[in-house]
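Q: One structure is given below, represented as structure tokens, and several questions about it will come after.
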Amino acid sequence: MAQNFRSQGTQITNSATTLYTAGAFDAVIGLRLANITTAAITVSVWIDDGAVRYIVKDLSIPPASSVEIVQGGAKFVMANTNVLKAQSSAATSADAWVSVVQQIST
């Protein structure tokens with residue numbers, strides 16, 4: 001079976017922002033958050049599977065810095081219709097880059 005690698009960037013705001021919606025059993029293999037402001041911010045990232053399941057909560061990111069949430073071979077699997085979301089402490093203050101392998105199983 002061919003591997004379907006996908007990635008997308010999203011700007012995170014101070015309200016819940018959708019980063020990725022799973023279409024099957026998809027593996028998130030990379031997640032980087034970047035503070036694009038000149039002040040420190042906090043960011044929370046979670047999966048909505050009918051409830052809130054935090055990946056990180058109120059993670060502090062210094063000004064003009066980034067943090068890799070999923071790295072070094074780590075990954076997590078999202079089931080069909082699970083939604084990866086994020087929220088920052090300040091409006092339009094962070095960018096997110098998500099890399100996934102789609103449909104790792106059926």
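Q: On full extension of the chain, what length is gained from Asn14 through Ala40, given 0.36 nm per residue of separation minus the C-alpha to C-alpha distance?
A: Numbers: separation 26, 0.36 × 26 = 9.36 nm, distance 1.37 nm.
The span from Asn14 to Ala40 would gain 8.0 nm if fully extended.
Q: Further question: Working out 0.36 nm times the residue gap between Ser7 and Ala74, then minus their Cα-Cα distance, what length gain in nm do you get to one decimal?
A: Values: separation 67, 0.36 × 67 = 24.12 nm, distance 1.62 nm.
Result for the pair: 22.5 nm of gain on full extension.
Q: Additional query: Restricting things to alpha carbons, tell me how big the chain is in terms of Rg and Dmax, in Å.
A: Just the Cα atoms of the chain yield Rg and Dmax of 13.5, 45 Å.
Q: Next question, about the same structure. Could you work out how far apart the two model spin labels at Asp48 and Trp97 are, taking each label as a point 7 Å from the Cα in the direction of the beta carbon, and quote it in nm?
A: With each label point 7 Å from Cα toward Cβ, the separation is 2.6 nm.
Q: Sort 10-21, 27-38, 44-55 by the packing proxy (mean of other Cβ within 10 Å over each peptide's residues), most packed first. Walk me through the numbers before you get to the answer.
A: On the way: 10-21: 16.4, 27-38: 18.6, 44-55: 14.4.
The densest-packed peptide leads the list: 27-38, 10-21, 44-55.
Q: Here's another thing I want to ask about it. Is the shape of segment 20-74 best called rounded, prolate or oblate, per the rule: a/c under 1.5 gives rounded, else a/b larger than b/c gives prolate, else oblate, with a ≥ b ≥ c the square roots of the Cα gyration tensor eigenvalues? Can you show the working numbers first?
A: Details: a/c = 2.58, a/b = 1.66, b/c = 1.55.
Note, shape of segment 20-74 comes out prolate.
Q: Using the basic label-point model (7 angstrom from Cα toward the beta carbon), what is the Ser60 to Val83 distance in nanometres?
A: Reported label-point gap for Ser60 and Val83 is 3.1 nm.
Q: Let me ask something else. Let me check against my output: what whole-number percent is the relative contact order of the chain, with C-alpha pairs under 8 Å and at least 6 apart? Write down the numbers at each step before the final one.
A: Working: 288 pairs, mean separation 54.1, N = 106.
Rounded, it is 51 percent for the chain.
Q: Percent of accessible area on segment 1-85 owned by carbon and sulfur, 1.4 Å probe? The partial results should precede the final answer.
A: Numbers: 2360 of 4580 Å².
Exposed carbon and sulfur together represent 52 percent of the surface.
The values are calculated or read from the model by the stated rules, or taken from the named source; none is laboratory data. Remember, it's a predicted structure, so these values are computed and weren't measured experimentally. When we count neighbours, we look across all protein chains shown, and the Cβ atoms used for this are built from the backbone with ideal geometry, even at glycine. Keep in mind that these areas ignore ligands, DNA and RNA; they rest on the heavy atoms of the full protein, side chains included. Shrake-Rupley method; radii C 1.70, N 1.55, O 1.52, S 1.80 Å.
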